[in-house]
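Readers should treat all values here as calculations from the given coordinates under stated rules, not as data from a laboratory. Not measured: the values here are computed from a predicted model. Cβ sites come from the backbone with ideal geometry, for glycine too, and all protein chains shown count toward neighbours.
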Amino acid sequence: MPLQLPPAEPGMREDEVDTPALILDLDAFEANLDTMAQRLAPTGARLRAHAKTHKSAVIARLQMERGAIGQCVQKVGEAEALARAGIDDLLVSNEVIAPQKLARLAALSRIARIAVCADDSAALPALEAAAEAAGIRLSVLVEIEVGAKRCGLEPGAPAGELAARIASSKHLSFGGLQAYFGSAQHKRQPEERRLAIAYAGTCVERTLDDLRRRGLHCPIVGGGGTGTFALEAASGLWTEIQAGSYIFMDADYARNVEPPPFRHALFVLAQVMSAPTGSGRAVVDAGHKAAPTDSGYPQVFERPELAYVGASDEHGVLEARDGPLPVLGEKLRLIPGHCDPTVDRYDWYVGVRKGRVECLWPVTARGLMV
């Protein structure tokens, strides 16, 4: 259950919401859901939306109502929270090697369709043992390195060999390929993103060729994100798109030249708590703990004359570039630099439409890192 009391009640004006609070602009959010569904429809690629962004069973259902076939998660705890809430098709788009985590993951197969990734044959015995103990056949995707220099096995024959070992297992089934180029999402220039995904495509093609030579069917090629989804979808290679941030559109995505076609929908509502006369600054009650700064400081929504220039744990410092500073008590929407870790700091979404609180949604999988 959520630990904090909700910062608002339905019917309340937005300027009455307690701060800091996680605000979801429902009109912009719904437009983003529809835009992604419309963009993918003619490509044949399916959306497996990434729940590490929103951690919300409510949002997962809304995505699936618009055609998403399921959800990705990064952690077993996220999978458990969503499966218990009725989300029944989940891919852990990550490697899981700890036996206790694998036992929990295999147990979820009683209530949901579950898959996981692997990039090393040394991981297979633990996967097989967990599947055997649960009496299931666990679907495993081979993750290939496509340029991100993170997880992933070398494409081509090494990946094909691992796929063959999975396919020959009594307790595992080969579910396909995981081919996600995470850092490509934030390459600023369109040509940089195009070249990155073109390279990733050659890695996928090389691996598919090897799989065909082995007589292995590849049901899924998963990857793609908010910054490059159109490229993967248009390639004809990726069958599932794993975009997450598109529903919220944070400040860092907006810095891309030709940014993704989505609206800012997620905000941290903050209040000016200090505005010392003659200081040239105003201080809001939203610092590092309210809006992470790993992808830069938040931006002040629709107030281009204001710059968020510094943060400490509980304070954010604003300066005016051209115009007056906000006054003591004034409330402002901040666009977080990185939406995923921002969401994980809150127990509730405050859904707002036209200045009024319409709904409160719990952040179902908040803090579930194991």
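Whether any residue in the range 266-276 is in a helix (DSSP H, G or I) and among the hydroxyl-bearing types (Ser, Thr, Tyr) is what I want to check. There is no residue in the range 266-276 that is in a helix (DSSP H, G or I) and among the hydroxyl-bearing types (Ser, Thr, Tyr). Filtered by the rule that a residue be of a type outside the set (A, V, I, L, M) and either within 16 Å of the chain's Cα centre (by Cα) or farther than 19 Å from Lys331 by Cβ (or both), the range 2-26 gives a lone residue, Pro2.
Across the range 159-204, the number of residues qualifying as under 26 Å from the mean Cα position of the chain (by Cα) and more than 15 Å from Leu141 (Cβ to Cβ) comes to 22. For the range 2-37, the candidate set comprises residues that are part of a loop (DSSP other than H, G, I, E, B) and without any contact (Cβ under 8 Å) to a residue 60 or more places away in the chain; within that set, the residue that is surrounded by the fewest Cβ atoms within 10 Å (Cβ to Cβ) is Leu5. Which of the residues that make up the range 95-130 are part of a loop (DSSP other than H, G, I, E, B) and either surrounded by 18 or more Cβ atoms within 10 Å (Cβ to Cβ) or in contact with a His (Cβ under 7 Å, 6 or more places away or on another chain) (or both)? Within the range 95-130, Val96, Ala112, Asp119 meet the criteria. Do we have any residue at all in the range 47-58 that's buried (at least 18 other Cβ atoms within 10 Å of the Cβ), on the phi > 0 side of the Ramachandran plot and either outside any helix (DSSP H, G or I) or in contact with a Lys or Arg (Cβ under 6 Å, 6 or more places away or on another chain) (or both)? Within the range 47-58, one or more residues are buried (at least 18 other Cβ atoms within 10 Å of the Cβ), on the phi > 0 side of the Ramachandran plot and either outside any helix (DSSP H, G or I) or in contact with a Lys or Arg (Cβ under 6 Å, 6 or more places away or on another chain) (or both).
Within the range 269-292, residues that are aliphatic (A, V, I, L, M) sit with their Cβ atoms under 6 Å from residues that are in a strand (DSSP E or B) and surrounded by fewer than 16 Cβ atoms within 10 Å (Cβ to Cβ), at 6+ positions apart or across chains, in these pairs: Val283/Ser274. Filtered by the rule that a residue be charged (D, E, K, R) and surrounded by fewer than 17 Cβ atoms within 10 Å (Cβ to Cβ), the range 136-164 gives Arg137, Lys149, Arg150, Glu154, Glu161. Of the strands (runs of 3 or more DSSP E) lying entirely inside the range 298-337, the ones with 3 or more residues being out of contact with any Ser or Thr (no Cβ under 6 Å at 6 or more places or on another chain) and more than 22 Å from Met249 (Cβ to Cβ) are found at 316-320. What number of residues in the range 232-250 are surrounded by fewer than 22 Cβ atoms within 10 Å (Cβ to Cβ) and assigned to a helix (DSSP H, G or I)? Residues in the range 232-250 being surrounded by fewer than 22 Cβ atoms within 10 Å (Cβ to Cβ) and assigned to a helix (DSSP H, G or I): 2 in total. Gly176 fulfils the conditions (1) surrounded by 17 or more Cβ atoms within 10 Å (Cβ to Cβ); (2) under 21 Å from Gly77 (Cα atoms); (3) small (Gly, Ala, Ser) except for a single criterion, (2). Of the set (1) touching a strand residue (DSSP E or B) at 6+ places or on another chain (Cβ under 6 Å); (2) closer than 23 Å to Pro341 by Cβ; (3) touching a residue at least 24 places away in the same chain (Cβ under 8 Å), all apply to Leu40 but (2). For the range 203-231, the candidate set comprises residues that are of a type in the set (Gly, Ala, Ser) and outside any helix (DSSP H, G or I); within that set, the residue that is surrounded by the fewest Cβ atoms within 10 Å (Cβ to Cβ) is Gly215.
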